[in-house]
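Participant: Quick one: structure below, then a few questions.
Values in this text are rule-based calculations from the coordinates and carry no lab data. Since this is a predicted model, take the numbers as computed values, not measurements. Glycine also receives a Cβ, built like all others from the backbone with ideal geometry; neighbour counts cover every protein chain displayed.
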Amino acid sequence: MDRKALIAIAFGLFVIPALAWWVEGRAPGAEPGANPAATPAWLQGLWMRADIETWDDQVRFHYFHDSSPIGLYRYGKRCLNNTHSYDVRVDGDRVTFVYRKTGRRAVARVTQAKSASGDPEIVIDPDPEEGRAVRYRKMRPPVDPAGPVAREGGFDRMWMNVTEYKTGGMGFDIYQFKPPGMDGRGIGWFHTGDFDDWSTEALTYTRRLAPHRLDESKGELEFSFTCRRERDRTRFKVKEGKRRRLQLDKDPRNFWAAQSYTDGGKAFFADTLGPDRWLGLSTP
């Protein structure tokens, strides 16, 4: 699987064409002997733990990709969570999970079931994340109401700082912003980690431009990190060029040191399917 597909799965489960220039080359291959075919249709999709009835407190789900033998497990809260990725091999109702970060291998029996209302469910026994049988309900993406529209060259982008490690793999810090409203306020997320294991943190922001200026390339950003209840601010500047850059004078997620992020293109949530809500990423 190439890195473009990994990025798409990681942040929206949709292809993000604008990130193509980040993802030349090949990602680490699947586990030797793993089935290179797509995950079986009955297992594909996002499966939320069935005993969690609201998104407000917890996120617990497995996601099995439809065209590649790869999956994700996300756990935590809506406003702060962590994600593991794994390769998948399916043999009947036996599923082998091989975690891409650690190489840990687990085998579970995955059986199909139905909820009382007839919705598709699966039982993973034992769930490699919890060590016991866990029931999951299949989720379908909602449709978001129309909001501010993303535009090319705007502030509402995926701003990425990506580092290739000498020891192998890639690490990243990413600010992901929805379009700001007329008052400069918007919502977003901060992702940090690598393409095998990363965390996602919800935030709100206010973009303040210099008074009496139409210049949107510089000003001040005020952040409010939802789960940790932290507030911070920094001066920012957007530099145009072959690769647009967002520069933060005191990045609150880089220990208040200066940090530069490259424009990674339009973010997935600019579409109307609302995968940010589907994945439990949006703020309440």
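Participant: If we count every other residue with Cβ under 12 angstrom of Asp197's Cβ, Lys/Arg +1 and Asp/Glu -1, where does the sum land?
Facilitator: +2
Participant: Sticking with this structure for a sec: Only sites in a loop by DSSP and with at most 11 other Cβ atoms within 10 Å count here; which GluC sites (Glu not before Pro) in the range 164-268 make the cut?
Facilitator: Working: sites: Glu164, Glu201, Glu216, Glu220, Glu222, Glu230, Glu240; in loops: Glu216, Glu240.
Sites meeting the loop and neighbour criteria: Glu240.
Participant: Ok, one more. Give me the number: length gained by fully extending Lys250 to Arg185, i.e. 0.36 nm times residue separation minus the C-alpha to C-alpha distance, one decimal in nm.
Facilitator: That works out to 21.5 nm of additional length.
Participant: Also, quick follow-up: How much length, in nm to one decimal, is gained on full extension between Arg109 and Ala133, taken as 0.36 nm per residue of separation minus their Cα-Cα distance?
Facilitator: Additional length available on full extension: 7.7 nm.
Participant: Describe numerically, in nm with one decimal, the distance between label points set 7 Å from Cα along Cα→Cβ at Arg235 and at Lys101.
Facilitator: Spacing of the two 7 Å Cα→Cβ label points: 3.6 nm.
Participant: Next up: Using a 7 Å offset from the Cα along the Cα-to-Cβ direction at both Ala210 and Lys242, what is the distance between the two label points in nm, to one decimal?
Facilitator: Rounded to a tenth, the inter-label distance reads 2.9 nm.
Participant: Okay, next question. Taking the Cα centre of each part, how many Å lie between the range 59-73 and the range 182-230?
Facilitator: With the range 59-73 and the range 182-230 each reduced to a Cα centre, they are spaced 28 Å.
Participant: Residue by residue, what Karplus-based ³J(HN,Hα) values in Hz, rounded to whole numbers, does the range 239-252 have, using 6.51, -1.76 and 1.60 with θ = phi - 60° and x for Gly and Pro?
Facilitator: Once θ is set to phi - 60°, the couplings for the range 239-252 become 9, 7, x, 4, 10, 5, 10, 9, 10, 10, 5, 9, 6, x Hz.
Participant: Evaluate E = 1/(1 + (r/R0)^6) for Glu222 and Lys166, where r is the Cβ-Cβ distance and R0 equals 41 Å; express this FRET efficiency to the nearest 0.05.
Facilitator: On the way: r = 37 Å, r/R0 = 0.89.
Result of the calculation: an efficiency of 0.65.
Participant: Give me a comma-separated list of calculated 3J(HN,Hα) values for the range 193-202, in order, Karplus coefficients 6.51, -1.76, 1.60 applied at θ = phi - 60°, integers in Hz, x for any Gly or Pro.
Facilitator: Going residue by residue, I get x, 9, 7, 10, 7, 8, 10, 10, 10, 7 Hz, with x marking Gly and Pro.
Participant: Assuming a ≥ b ≥ c are the square roots of the Cα gyration tensor eigenvalues, decide whether the range 31-138 counts as rounded (a/c under 1.5), prolate (otherwise, with a/b larger than b/c) or oblate.
Facilitator: Cα axes put the range 31-138 in the oblate bin.
Participant: Please give the direction-averaged projected area of the C-alpha convex hull for the range 158-278, in square nanometres with one decimal.
Facilitator: Values: hull surface 35.4 nm².
Approximately 8.9 nm², given one-decimal rounding.
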